[in-house]
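Accompanying notes for the structure given below.
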Amino acid sequence: MISKVNKLEIEYCVQCNWLLRASWMAQELLTTFNTDITSLALVPGSGGIFEVRLNGAIIFSRKEAGRFPESKELKQLLRDLIDPERALGHSDK
């Protein structure tokens, strides 16, 4: 799904104080995909939510997985959607 518009959202639980985790993950993704992500929003939520969405579609849900994503895992998921041919270096191992 190669697109010129790639809007990423990270919705995090304010009650759980997961802003730092969300902002760190945002930094990791923006550093890796600096020319591919057209916007990234940190979205305050509640109820234990931690979801990462690309163009409105959930690509990772803490509730479904039962855990937080690893940065390597999110990079691979995002790469597979926006540029499957891209090598991620050490994140591919």
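Below, the figures for the structure above:
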quantity: Most fluctuating residue given options 46, 23, 61, as computed from a GNM of the chain linking Cα atoms under 10 Å; calculated: 46
quantity: The chain: relative contact order in percent, alpha carbon pairs under 8 Å with at least 6 residues between; calculated: 34
quantity: For residue 50, distant residues with modelled amide H under 5 Å away; calculated: 62, 63
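Just so you know, all these numbers are worked out from the coordinates, no wet-lab data involved. Not measured: the values here are computed from a predicted model.
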